[in-house]
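Please read the structure below before turning to the comments.
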Amino acid sequence: MILYVYYEYDIKLQYPVNIKNPNPKLARFIITQIGGANCKNR
């Protein structure tokens, strides 16, 4: 038996966010602290 499952989701924030001064270095640091791109523990 072949079962195909397709998930579609739309990522929306609860409220709008305006970023006036983007800081890629800080963003990269924050992402690594919460688990990284693949959410693997390092």
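Each reported figure results from applying straightforward, stated rules to the coordinates on display, with no laboratory input. Since the structure is predicted, the reported quantities are computational estimates derived from the model, not experimental observations. Methodologically, a virtual Cβ is constructed for each residue, glycine included, from the backbone with ideal geometry; neighbour enumeration extends over all protein chains shown.
For the peptides 22-35, 5-18, residues were scored by their other Cβ atoms within 10 Å and the scores averaged per peptide; the highest-first order is 22-35, 5-18. Label-to-label distance, N18 versus I2, with points set 7 angstrom from Cα along the beta-carbon direction: 5.1 nm.
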